[in-house]
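J.: Sharing a structure with you now.
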Amino acid sequence: MGILDEISENLQKGKSKAVKTLVQQAIDQGVPVQQILDQGLLSGMSVIGEKFKKNEVFVPEVLVAARAMNMGAQLLKPLLAQAGVSATGRVCIGTVKGDLHDIGKNLVKMMMEGKGLEVIDLGTDVAPETFVETAQRENCQIICCSALLTTTMGVMEEVVQRAQEAGIRDQVKIMVGGAPVTEAFCQKIGADKYTSDAASAADWAVEACSA
């Protein structure tokens, strides 16, 4: 088994220390940084994402795998910057104003990072103008809004309106998600995409960014 496969395997098992050690070994051996990222870390996270979709692993496994990925990614970040490797896209994500739930949002963030996207996490209780200002300032291709309460879902419509007012609606895709959100609601407010799970959200985001 090659070192990249070992990184992927250990990441899937959530072994952070082993992943960090192996990533350092791969760097020392002169393995190209992009290769370590793609064939080691991201391929491992991609397996977890698929398993999560099929209910073969659950939230705790995803969390430990993501932690292991982040340990390895920290070593690679400065080297990727030196090599001029940029993320496949930029996304800003947050739970909308009035809502403090973040488990779903955090999962989507991890899945997106696991696909090589750069994710700016705005946290919870995020005002519509903050989503739009961040997308403008950071050149994000996608705004992701999460809500768990039916009472806060309406804020998502405000995000769409703010994006239109700012004149960036044709440049930025708006994704919505959370327990009470539906495809019908997504269409009604004029958002671009609703997905029912974190792994599908990440898949769609990658396609949207590379389109």
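J.: Can you pull a Stokes-Einstein diffusion coefficient for region 30-88 at 37 °C (0.692 mPa s), Rh from Kirkwood over Cα pairs, as a whole number of µm²/s? Mind dumping the intermediate values first?
T.: Numbers: Rh = 12.3 Å.
Roughly 268 µm²/s, to the nearest whole number.
J.: Show me, for region 60-70, the HN-Hα J-couplings you get by feeding each phi into the Karplus relation (A = 6.51, B = -1.76, C = 1.60, θ = phi - 60°), rounded to Hz, glycine and proline as x.
T.: x, 5, 5, 5, 6, 5, 5, 5, 5, 4, 5
J.: Still on this model: Enumerate the calculated ³J(HN,Hα) couplings along region 4-16 in order (Karplus 6.51 cos²θ - 1.76 cosθ + 1.60, θ = phi - 60°), each rounded to whole Hz, writing x wherever the residue is Gly or Pro.
T.: 5, 5, 4, 4, 4, 4, 5, 5, 4, 8, x, 8, 4
J.: Using θ = phi - 60° and the Karplus form 6.51 cos²θ - 1.76 cosθ + 1.60, what ³J(HN,Hα) does each residue of region 180-191 get, whole Hz, x for Gly and Pro?
T.: Values per residue, Gly and Pro as x: x, 7, 10, 4, 4, 5, 4, 5, 4, 8, x, 7 Hz.
J.: Report Rg/Rh for the chain, rounded to two decimals, where Rg is the Cα radius of gyration and Rh the Kirkwood radius. Display every interim value, and only then the final one.
T.: Values: Rg = 17.5 Å, Rh = 17.5 Å.
In the chain, Rg relative to Rh is 1.00.
J.: Same structure again: Given H placed 1.01 Å from N in the peptide plane, which residues other than close sequence neighbours of residue 144 have an amide H under 5 Å from its amide H?
T.: 92, 93, 94, 175
J.: Using DSSP to call loops (not H, G, I, E or B), can you name the trypsin sites (Lys or Arg not before Pro) in region 20-71 whose Cβ has at most 15 other Cβ atoms within 10 angstrom? Kindly include the intermediate steps, with their values, before the conclusion.
T.: Values: sites: 20, 51, 53, 54, 67; in loops: 54.
Hits after loop and neighbour filter: 54.
J.: If you don't mind, another one. Keeping all protein chains in place, calculate the accessible area per residue for the chain (probe 1.4 angstrom), answer in Å².
T.: Details: 10080 Å² over 211 residues.
Per residue, the chain has 48 Å² of solvent-accessible surface.
J.: Same structure, new question: Run the simple label-point estimate for residue 182 and residue 83 please: 7 Å along Cα→C-beta, distance reported in nm.
T.: Inter-label distance under the simple model: 4.7 nm.
The values are calculated or read from the model by the stated rules, or taken from the named source; none is laboratory data. Not measured: the values here are computed from a predicted model. Reconstructed Cβ throughout: ideal geometry from the backbone, glycine too, with neighbour counts over all protein chains shown. These accessible areas exclude ligands, DNA and RNA; they are computed on the full protein's heavy atoms, side chains included. Shrake-Rupley method; radii C 1.70, N 1.55, O 1.52, S 1.80 Å.
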